[in-house]
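J.: Please find one structure pasted underneath; my questions will follow.
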Amino acid sequence: MKEIEIKINEDSRVPKYKQIVDSIINDIILGKIKVGEKIPSINELSESCYLSRDTVEKAYKTLKDRKVIESVHGKGYYTTKTDLISKLNIFFLVNKPSTYKMEVYNSFVDTIGINAHVNLYIYHCDQSLFINALEESLGAYDYYVIMPHFRDKNSNHVSYTDEVLKVIEKIPKEKLLILDNSKPIIKGKYSTIYQDFKDDIYNALGEALEKLKKYDKIILVYPTKSVNPYPRRILNGFLQFCHEHDLDFEVMEEIYEGMEFTGKDVYIAIQERDLVKLLRQVRSNKLVLGKDLGIISYNETPLKELLDITVISTDFVAMGVTAANMVLGNKKENIKNPFNYIERNSL
């Protein structure tokens, strides 16, 4: 078994468990500890370094989470692959596994390349899953990239809760990057790449104004009850746009089967299932998109491009690329992500 010399600086503000982690990783990088070599048990290291068992246990848990060491039942602790040590370890927390959220993740990973290991977690807009995932990972990663979107007991969208803010506050701000949602009230200097949901839809519809004027009514299909709810700021931006431009409008919960298309209307579909329902009925009623009826979809996907559907969407690829470059450059910035109006023949 390898003797480990842990140097603890009693005057340092760095927690002792973190000093243990850094010391062991540094010894592996320098070759003082070889891959696959047995290291002291928690009790042995605790006694030799005059540290509490809890401190050493927390250090070993962090090393296990980062896959620097592993425990073998009945034998003890051993070092593992060294390629995980010299690279950044990134915790990536997404609210839902949608096509566009995965675009953010994939572009982030592609841009980071071989410089980091990224672990993806999904919490399905559930506050308790979000908190548990973060609590269990604290201290184990170099960066925490999180997308905060939640649903309350009435299935309405909530950006943050007091409980969520408490756990986010535990993350060192130099390691925190908040994606997609607006900046919360959190102390310290940290990074954000966000959407401005109200102004984004307002400005995008402004670009489409001349096209929209040829329709009798603008109908926003905005689901108020959903497993993965959408920010109400989207609705607020739509209402402001319609009022200021004196446009006839309606807000619907969903697209229903057997709808009557009596007027020349344009629909803005938030959810993809409503877009599918709408397209089916357009086909069954032999309507011509862009002439008898207009469609705008929220959030770009490759399929919408193939179907020639007009979209208003944030640039999810840009969000991932920008986030990765901020991590690689260790930048602390607050950036509004680009939001685009992409006109196609459905309008």
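J.: Under the 0.36 nm per residue contour assumption, what length would be gained going from the current alpha-carbon distance of ASN203 and SER71 to full extension?
T.: Length gained, ASN203 through SER71: 42.0 nm.
J.: How far is it, in nm, from the label point at LEU306 to the one at GLU260 when both lie 7 Å from their Cα along the line to the Cβ?
T.: Placing both labels 7 Å beyond Cα along the Cβ direction yields 3.6 nm.
J.: For LYS18, tell me the accessible area in Å² from a 1.4 Å probe, rounded to the nearest 10.
T.: LYS18 has an accessible surface of roughly 50 Å² with all protein chains in place.
J.: Name the long-range amide H neighbours of THR192: under 5 Å, sequence gap of 5 or more, or other chain; modelled H, no Pro or chain starts.
T.: ILE178, GLU333, ASN334, ILE335
J.: Going by the alpha-carbon gyration tensor, a ≥ b ≥ c the square roots of its eigenvalues, is the stretch 198-313 rounded (a/c under 1.5) or, if a/c is not under 1.5, prolate (a/b greater than b/c) versus oblate?
T.: rounded
J.: Once you place label points 7 Å from the Cα toward the Cβ at GLU210 and LEU88, how far apart are they in nm?
T.: 4.3
J.: Okay, moving on. Taking H as built 1.01 Å from N, whose amide H comes closer than 5 Å to the amide H of ARG344, not counting residues under 5 places away?
T.: THR310, VAL311
J.: Enumerate the calculated ³J(HN,Hα) couplings along the stretch 7-15 in order (Karplus 6.51 cos²θ - 1.76 cosθ + 1.60, θ = phi - 60°), each rounded to whole Hz, writing x wherever the residue is Gly or Pro.
T.: Ordered by residue, 3J(HN,Hα) equals 9, 9, 8, 5, 8, 6, 7, 6, x Hz.
J.: Give me the lysines in straight-line cross-link reach of LYS336: C-alpha distance below 23 Å, same-chain residues under 8 apart excluded.
T.: LYS96, LYS101, LYS173, LYS175, LYS183, LYS187, LYS189, LYS198
J.: What is the Cα centroid distance between the stretch 268-289 and the stretch 152-170, reported in whole angstrom?
T.: When both Cα centres are located, 34 Å separates them.
J.: Which of the DSSP-defined H helices in the chain satisfy a minimum axial length of 15 Å, computed from C-alpha atoms, and a minimum mean Kyte-Doolittle hydropathy of -1.0?
T.: Span-like helices in the chain: 16-29, 99-112, 127-137, 197-207, 232-244, 272-284, 316-328.
J.: Now for a different question. Only helical DSSP H runs with n ≥ 4 go in: add -39500 (n - 2.57) per run for the chain, normalise by residue count and round the 222 nm mean residue ellipticity to 500 deg cm²/dmol.
T.: Value at 222 nm, helices only, nearest 500: -11000 deg cm²/dmol.
J.: Be a star and scan the stretch 42-65 for residues whose amide nitrogen sits under 19 Å from the point 7 Å along the Cα-to-Cβ vector of VAL14.
T.: 46, 49-52, 55-65
J.: Taking all protein chains as present, what is the carbon and sulfur share of the accessible area of the chain, in % to the nearest whole number, probe 1.4 Å? Could the numbers behind the result be given before it?
T.: Details: 8160 of 17020 Å².
Its accessible area is 48 percent carbon and sulfur atoms.
J.: Could you derive backbone 3J(HN,Hα) for the stretch 210-218 from the dihedral phi with the Karplus parameters 6.51, -1.76 and 1.60 (θ = phi - 60°), listing whole Hz in sequence and x where the residue is Gly or Pro?
T.: Ordered by residue, 3J(HN,Hα) equals 4, 5, 5, 5, 7, 9, 6, 8, 9 Hz.
J.: For the stretch 192-238, how big is the tail of P(r) above 14 Å, as a whole percent of Cα pairs?
T.: Here the tail beyond 14 Å accounts for 59 percent of pairs.
J.: Would you list, by chain and number, the lysines whose Cα falls below 21 Å from the Cα of LYS38, excluding same-chain residues fewer than 8 positions away?
T.: LYS2, LYS7, LYS18, LYS58, LYS61, LYS64, LYS67, LYS75, LYS81
J.: Moving to a separate point now. For the chain, what is the convex hull (Cα atoms) projected area averaged across all directions, in square nanometres?
T.: 20.9
J.: Where the centroid of each part is defined by its Cα atoms, how far is the stretch 292-347 from the stretch 17-95 in Å?
T.: Distance between centres, Cα-based: 41 Å.
J.: Hey, what's the chain come to in accessible area per residue, 1.4 Å probe, Å²?
T.: Ligands and nucleic acids excluded, the result is 49 Å² per residue.
J.: While we're looking at this one, here's another question. With charges only on Cβ, +1 for K and R and -1 for D and E, what is the dipole size of the chain about its Cα centre, in debye, rounded to 20?
T.: Dipole about the Cα centre, nearest 20: 700 debye.
J.: Given a Förster distance of 56 angstrom, what is the FRET efficiency for ASN285 paired with ILE335, based on the Cβ-Cβ distance and rounded to 0.05?
T.: Given R0 = 56 Å and the Cβ-Cβ separation, E is 0.80.
J.: While we're looking at this one, here's another question. How far, in nm, would the chain grow between ASP126 and TYR50 when pulled straight, counting 0.36 nm per residue and subtracting the alpha carbon separation?
T.: Here the segment from ASP126 to TYR50 would lengthen by 23.2 nm.
J.: Then there is this: In Å and whole numbers, how far do the C-alpha atoms of the stretch 16-79 stretch along each principal axis, longest first?
T.: Result for the stretch 16-79: principal-axis Cα extents of 26, 26, 21 Å.
J.: Put +1 on the Cβ of every Lys and Arg and -1 on every Asp and Glu Cβ in the chain; which of LEU120, LEU289, THR314 then has its Cα farthest towards the positive end of the dipole?
T.: Toward the positive end, the furthest listed residue is LEU120.
The values are calculated or read from the model by the stated rules, or taken from the named source; none is laboratory data. Every value quoted in this text rests on a predicted model; they were computed, and no experiment measured them. Cβ sites come from the backbone with ideal geometry, for glycine too, and all protein chains shown count toward neighbours. With ligands, DNA and RNA removed, areas are computed over all heavy atoms of the protein, side chains included. Shrake-Rupley method; radii C 1.70, N 1.55, O 1.52, S 1.80 Å.
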